[in-house]
Amino acid sequence: MDTLKACLGGTGSYTKAVAQIRPADGVGPTFSITDTSVGDGCRSTGNLSIPEDERYILTLTVSGSRLSPARTGSVSFYT
């Protein structure tokens, strides 16, 4: 089963985590999930229809108040 999960976790100053996967070539479905629960909570998608043997890009963005500016990181992977 292919799912995408975002976990904010902790008790820091960040209040939102967004995980997104998209095809590296820009052709095909994009999926994202947002978690705004500080602590142990997580959010996840249901089963995703992701094509096999394709290159995708995973991007994670966390954001909070103006004292904690947004941070984003990306990595590519093959399904």
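The values are calculated or read from the model by the stated rules, or taken from the named source; none is laboratory data. Keep in mind the model is a prediction, meaning the values are calculated, not measured. Here Cβ is always computed from backbone atoms with ideal geometry, including for glycine, and neighbour counts include all displayed protein chains. Protein only, heavy atoms only, side chains kept; ligands, DNA and RNA dropped before computing areas. Shrake-Rupley method; radii C 1.70, N 1.55, O 1.52, S 1.80 Å.
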Q.
For the list (1) among the aliphatic types (A, V, I, L, M); (2) under 19 Å from residue 6 (Cα atoms); (3) surrounded by 13 or more Cβ atoms within 10 Å (Cβ to Cβ), I need the number of the one condition that residue 75 fails.
A. (3)
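Taking segment 27-52, which residues are open to solvent by 60 Å² or more (accessible area, probe 1.4 Å), assigned to a loop (DSSP other than H, G, I, E, B) and of a type outside the set (Val, Ile, Thr)? Give the steps one after another, and end with the answer.
So in segment 27-52, the residues open to solvent by 60 Å² or more (accessible area, probe 1.4 Å) come out as 27, 30, 32, 36, 38, 40, 42-44, 47, 49, 52.
Of the ones still in play, those that are also assigned to a loop (DSSP other than H, G, I, E, B) are 27, 30, 36, 38, 40, 42, 47, 49, 52.
Correct list: 40, 42, 47, 49, 52.
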